[in-house]
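The values are calculated or read from the model by the stated rules, or taken from the named source; none is laboratory data. Predicted model, so just to flag it, every value in this text is computed and none were measured. A quick note on method: Cβ atoms are made from the backbone with ideal geometry, for glycine too, and the neighbour counts reach across all protein chains shown. When the accessible area is computed, the model is the full protein with side chains, heavy atoms only, and any ligands, DNA or RNA have been set aside. Shrake-Rupley method; radii C 1.70, N 1.55, O 1.52, S 1.80 Å.
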Amino acid sequence: MEVLFLGLDGQKAIFVIDVSHLSQNQLEDQLLAQFETAAQVREFRTCLPLLTSRDASILAYGKALSYWHVHHQYCGFCGHKSCAYDGGHMRKCQNESCHRESFPRTDPAVIMLVEYQPENGPAKCLLAQHHRIGSQVVSTLAGFVDPGESLEEAVSREVLEEAGIEVNDVTYMASQPWAFPSSMMVGFFATTKNPELNIDHDEIADAHWFTAEEIRKFDNWGDDGDNFQIPRQESIARYLIDHWLESQP
Ligand SMILES: [Zn+2]
């Protein structure tokens, strides 16, 4: 079992241990036996709304670092076993003729809210239904950045690929580390002059233009009922949508 050192929180050292090989029951039994604590173990992602942003970011850091170690047990150059060094912030190949070092990586992804302002009437924003989440949830478009591509180019390409829309202005808004498993979500605002959609249904289930008035009537993630839902409160997609709604009459 590898123990990873995350850092100091004041005088308190914080470590992370991967326990993903244990079942929920095994973990709860072990906590009871070792610490005499009757605890309920829950998946981190489902607990996000219950955590302070500070605790969430420490846990996200631990989860991302732990994921990297679990998936980088062998050297990517020669295939020999690698081991953790520097408290878990580096891995080194154990083959004496190699000794390559590798470091935790982050995969950049872009996420963007696209606006269309018709000549008459209110502005609209493009929200999509995604295959991986329930069809009631409408969210911004997103995708991974290709090698050799700028973030702005990735925004333009993703919107064109998924919705058939050409965007004009691409403006940085905010970013969010997303430890599921190891992404950095970089949020943008973009505009288009041509709202005609040409959806790639392999990429997304569907997409529509919505006015602020329509979105304000949507439900929240996880609500009951058949209405459209907007993304989780703590997500950057929701931040982009809320920010846009604030700018609208
Ligand atoms: Zn090696």
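Residue by residue, here is whether (1) loosely packed, with under 14 Cβ neighbours inside 10 Å; (2) within 16 Å of Ser183 (Cβ to Cβ) holds:
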site	(1), (2)
Asp55	yes, no
Ala60	no, yes
Leu65	no, yes
His72	no, no
Cys75	no, no
Ala84	no, no
Met90	no, no
Cys93	no, no
Glu96	yes, no
Specify which of the listed residues (Ile241, Ile215, Ile204) is open to solvent by less than 50 Å² (accessible area, probe 1.4 Å), in a loop (DSSP other than H, G, I, E, B) and in contact (Cβ under 8 Å) with a residue 40 or more places away in the chain. Ile204
For Val138, which of the numbered conditions (1) crowded, with 16+ Cβ neighbours inside 10 Å; (2) more than 30 Å from Trp244 (Cβ to Cβ) fails to hold? (2)
Matching residues, segment 218-238, being within 18 Å of Gly134 (Cβ to Cβ) and part of a helix (DSSP H, G or I): Ala237, Arg238
Would you check which residues across segment 1-19 are open to solvent by 90 Å² or more (accessible area, probe 1.4 Å) and modelled with pLDDT under 85 and list them? Met1
What residue, among those in segment 87-125 that are at pLDDT 95 or above and hydroxyl-bearing (Ser, Thr, Tyr), is farthest from the ligand (Cβ to nearest atom)? Tyr116
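Residue by residue, here is whether (1) within 17 Å of the chain's Cα centre (by Cα); (2) within 16 Å of the ligand (Cβ to nearest atom); (3) in a helix (DSSP H, G or I); (4) closer than 30 Å to Arg238 by Cβ holds:
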residue	(1), (2), (3), (4)
Asp29	no, no, yes, no
Gln34	no, no, yes, no
Ala38	no, no, no, no
Arg42	no, no, no, yes
Arg45	yes, no, yes, yes
Ala56	yes, no, yes, yes
Lys63	yes, no, yes, yes
Cys78	no, yes, no, no
Ser82	no, yes, no, no
May I ask you to verify whether Gly88 is in contact (Cβ under 8 Å) with a residue 40 or more places away in the chain and assigned by TED's automatic domain parsing to the domain that holds Glu43? no
What residue, among those in segment 126-146 that are at pLDDT 95 or above and not in a strand (DSSP E or B), is nearest to Thr192 (Cα to Cα)? Thr140
Filtering segment 135-155 for residues that are more than 17 Å from Glu166 (Cβ to Cβ) and more than 17 Å from the chain's Cα centre (by Cα) leaves a count of 4
